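Shown next, in structure tokens, is the structure this report addresses.
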Amino acid sequence: MHDSFPSPYRCPAAFSPLPSPAVNNQNITSTNKIIRRRPHNKTSTTTVTRMSFCVLGSGSAGNCSALLLHYPNKPKPRVILIDLGLALRDTERRLRDVDLALHMVDHIIITHFDSDHFRPAWTNRLKKMRSTVHFHLNHWPHANRAGAPEFKHETFDDSNSNNKLNKNSKPFKLAPGCTLHPFTLAHDVEGTTGFRFDTAAGRLGFATDLGRVPPHLLQSFNNLTLLALESNYCPQLQEASNRPHFLKQRIMGGRGHLSNEQSFDAVRHIEKNSPDLRKVVLLHLSRECNSPGRILNIYAKHPDLSRKLIITNQTKPTNWINIDAPDHVEMPGGPTVHTQHHLFASKTNHP
Ligand SMILES: [Zn+2]
């Protein structure tokens, strides 16, 4: 069953210590290797053992998503919000619906400063919050106008980037056990920012409001466990709409949004390079020029991919999507060895 319009789901696990990954300290066979499982009592307390993701709302009327990072033996997860495009009261209400609250938020990442991703009315509230707001240095002029000097913020930029395809992609440590890989994308004048979150539990790729899919996005979005990508409009509905010509050109001209087909092609490409991809979350559907039915028609010939789909909407939070760490071993002096794919224990909760 598709999670087209999931109901709010309360996630009690978000606030209770998670058990360490199941380990029994026996020798086990992995892909052509005999490895020794690591005793769980030595699992690092800075290892992310579960990543939980939920879209509070997505669309041209406002965007906000939540990402939780869970650690062994810690009662509370790190809480990250992506974008503040919903009204304050609405955000608080939706956070309550998924058992969160603003005072719990550690980090806020802003993809870009269009009003559906950052409402300037947030500035006053952010001044009273302990959260750090992160955004790309390219967006400083807009952020400055929105009041960024008045709240706790950090910018990231392209200095010392070695990525030849995209200079604007210097990774940084966002939280213990979580590295953020940002990259810039074409969108209107100022562009937007896409991200890959790397943790021991899995990798999340997040990109919305992009006029086209550039090679550096496909390069970054490999071996993902979870993908969140926009699927904004149906070209036929866009053409047939009463929107003025300049607006249609803006949306479809390569610096606006992704059509369903462009998004689908990217998802197919990313899936081929992500053998453990568990869920595909489609963001930012146009209410006027798109529908879940049109998207499902495109995916209909690919039932395996179709089963992974979660189509977000403007009004209701999605269920929590939980991605648990695969059983892993840190060999003395060596890299972490991941065991078989089936040991990934991701699951989507249902109310
Ligand atoms: Zn937007």
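Nothing in this text is a laboratory measurement; each read-out follows from the coordinates by a stated rule. All of these numbers come straight from a predicted model, not from anything done at the bench. Using ideal geometry, Cβ is built from the backbone for each residue, glycine included, and neighbour counts are taken over all protein chains shown.
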In nm, to one decimal, how far is the ASP304 label point from the ALA186 one, both placed 7 Å along Cα→Cβ? 3.2 nm
Quick check on my link table: of LYS127/LYS173; LYS74/LYS152; LYS127/LYS248; LYS152/LYS173; LYS76/LYS170, which ones sit more than 27 Å apart, alpha carbon to alpha carbon? LYS127/LYS248; LYS76/LYS170
Less than 19 Å apart at the alpha-carbon level, and either on another chain or at least 8 residues along: which aspartates and glutamates does that give for LYS128? ASP83, ASP90, GLU92, ASP106, GLU150, GLU154
Spatial separation of Cα centroids for region 66-122 and region 222-251, in angstrom: 25 Å
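With contacts defined as alpha carbon pairs under 8 Å and 6 or more residues apart, what's the relative contact order of region 57-193 in percent?
Reported as a whole number, the value is 17 percent.
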Roughly speaking, what is the stretch gain from ALA87 to ASP157, that is 0.36 nm per residue apart minus the C-alpha to C-alpha distance, in nm to one decimal? 22.4 nm
ALA121 to GLU261: extension gain in nm, 0.36 nm per residue of separation minus the Cα-Cα distance? 46.9 nm
Between ASP106 and LYS272, what is the FRET efficiency for a Förster distance of 41 Å, r being their Cβ-Cβ separation, to the nearest 0.05? 0.75
Quick one: Karplus J couplings for region 266-279, per residue in order, coefficients 6.51, -1.76, 1.60, θ = phi - 60°, nearest Hz, x for Gly and Pro? 5, 4, 4, 4, 5, 4, 4, 9, 9, x, 10, 4, 9, 9
